[in-house]
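Below is one structure; the comments refer to it alone.
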Amino acid sequence: MLSDIRAKSRYRELPARQLSNVVDFSSNDYLGLATEPAVIEALKRATRVGSGGARLLAGRHRELSLLEEELASWLGRERALIFSSGYHAAVGAIPVLARCVDAIASDRLNHASLIDGIRLARVPHAIYDHATVPARSDLPTCIVSETIFSMEGDAIDARALLAGLGSGGVLVLDEAHALGVVGDEGAGLARDIDDSRVVVLGTLSKALGAHGGFIAGPAAVVELLVNDARAFVFDTALPPAIALAARVALLLARRSDDRRARLRANVDRLREGLLAIGFATPIAAGAIVPVLLGDEERALRVSNALLEKGIFVPAIRPPTVPAGTSRLRVSVRANHPAEQIDRLVEGLARAQSATVTNA
């Protein structure tokens, strides 16, 4: 199997050491909060490292409950429930919610965590075309979609999905790449949709710069997950130190309109630069700007050429994205200086020219 993966230019390996002295365009720390002094100081105030066990056992810490209250308030939901990662939140919540419906409809380009959660659900599921509204069903259906997509950078019309939801349905919206980045107080695209059929899935590890995931929605949904989500019941709870740091980051994120403005300016600057050198770039709803290159080998060549110039933008290849759509996935941050954006564009122009010449 490994020989086949290598032959297709899809081989991956863990780096021997952390990259240093490079301009990083791979991090999801969109607001730069992972290195914010107040967040780091909160982590230093911790009195223990591990949580001590599952949440229903020794891992019941006050910091987790306080963070859940803040998350629910931020997102305009009745309650929130923290999981140890966004992946755990997806694979834990979706199978439980699926037992309340007869079918699942999933966007074709949904993240792997959502796909795996759907696979674990024992109900029929269908895939609908990306960023469209699935055909309305007479069966109670759970529609699952990201709001801003992790590889495309585009956004869906959440209200249109809700309008297409039949009786007894549930709409699961993964806001991982929207939270902290868009919306009033950075509360994402679902914040103003006041409907008990909406369940929000999110992460603490992107714009909040911490670690962990969560589900937010009606109190009855959270109660059901506490009792029936295996990825919650049988998993070690998030360390309270991380929860405290995430809560400080959340409070900062809610007041960070200035960071969001800088992030938006950086995204616009990058897109304008890419257009100027011949890359057709889609409108970026959040912080992600894909640079489509087509085949795996070309994506690797361009990524490696940039790395030689001190710029790290990883090549994204199948199975992460569909065959023929390999790309560089540029994660823009609020704390990228303008000159680093320009340096990336210049590097891409040179790499593009070199790969065409050597083709």
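The values are calculated or read from the model by the stated rules, or taken from the named source; none is laboratory data. What you see is a predicted model; the values in this text were computed from it and never measured. All Cβ positions, even for glycine, are placed from backbone atoms using ideal geometry, and neighbour counts span all protein chains on display. In case anyone asks, the SASA skips ligands and DNA or RNA and just uses the protein heavy atoms, side chains included. Shrake-Rupley method; radii C 1.70, N 1.55, O 1.52, S 1.80 Å.
Output the strands (runs of 3 or more DSSP E) that fall wholly within the stretch 84-173 and possess 3 or more residues being surrounded by fewer than 18 Cβ atoms within 10 Å (Cβ to Cβ), or say none.
Numbers: elements: 103-107, 125-128, 141-146.
Per the criteria, 125-128.
Within the stretch 180-203, track down each residue that is under 16 Å from Ser150 (Cβ atoms) and either more than 16 Å from the chain's Cα centre (by Cα) or free of Cβ contacts under 8 Å to residues at least 60 places away in the same chain (or both).
Once the filter is applied, which keeps residues that are under 16 Å from Ser150 (Cβ atoms) and either more than 16 Å from the chain's Cα centre (by Cα) or free of Cβ contacts under 8 Å to residues at least 60 places away in the same chain (or both), the stretch 180-203 yields only Leu189.
If a residue must be within 27 Å of Pro282 (Cα to Cα) and either touching a residue at least 40 places away in the same chain (Cβ under 8 Å) or among the polar types (S, T, N, Q) (or both), how many such residues does the stretch 108-157 contain?
Qualifying residue count, the stretch 108-157: 19.
Need the failing condition index for Glu69 against (1) open to solvent by 70 Å² or more (accessible area, probe 1.4 Å); (2) part of a helix (DSSP H, G or I); (3) farther than 30 Å from Ala261 by Cβ, just the number.
Going through the list (1) open to solvent by 70 Å² or more (accessible area, probe 1.4 Å); (2) part of a helix (DSSP H, G or I); (3) farther than 30 Å from Ala261 by Cβ, Glu69 breaks only (3).
Which is farther than 23 Å from Ala155 by Cβ and small (Gly, Ala, Ser), of Ala280, Ala338, Ala285?
Among Ala280, Ala338, Ala285, only Ala338 is farther than 23 Å from Ala155 by Cβ and small (Gly, Ala, Ser).
Based on this model, can you work out whether Asp228 counts as out of contact with any helix residue (DSSP H, G or I) (no Cβ under 6 Å at 6 or more places or on another chain) and surrounded by fewer than 23 Cβ atoms within 10 Å (Cβ to Cβ)?
No: the conditions fail for Asp228.
Exactly one condition in (1) aliphatic (A, V, I, L, M); (2) over 23 Å from Asp29 (Cβ atoms); (3) part of a helix (DSSP H, G or I); (4) open to solvent by 50 Å² or more (accessible area, probe 1.4 Å) is false for Leu292; which is it?
(3)
Restricted to the stretch 193-215, and to residues that are among the aliphatic types (A, V, I, L, M) and not in a loop (DSSP other than H, G, I, E, B), which residue is farthest from Ala54 (Cα to Cα)?
We begin by selecting, within the stretch 193-215, every residue among the aliphatic types (A, V, I, L, M); these are 193, 198-201, 204, 207-208, 210, 215.
Still in the running and not in a loop (DSSP other than H, G, I, E, B): 198-201, 215.
Numbers: Val198: 27, Val199: 23, Val200: 23, Leu201: 20, Ile215: 17 Å.
By that ranking, first place goes to Val198.
Given the structure, is Val182 part of a loop (DSSP other than H, G, I, E, B), over 20 Å from Glu68 (Cβ atoms) and either modelled with pLDDT of 95 or more or open to solvent by 10 Å² or more (accessible area, probe 1.4 Å) (or both)?
yes
Can you tell me which of Arg254, Arg271 is open to solvent by less than 60 Å² (accessible area, probe 1.4 Å) and under 18 Å from Arg191 (Cβ atoms)?
Testing whether each residue is open to solvent by less than 60 Å² (accessible area, probe 1.4 Å) and under 18 Å from Arg191 (Cβ atoms) leaves just Arg254.
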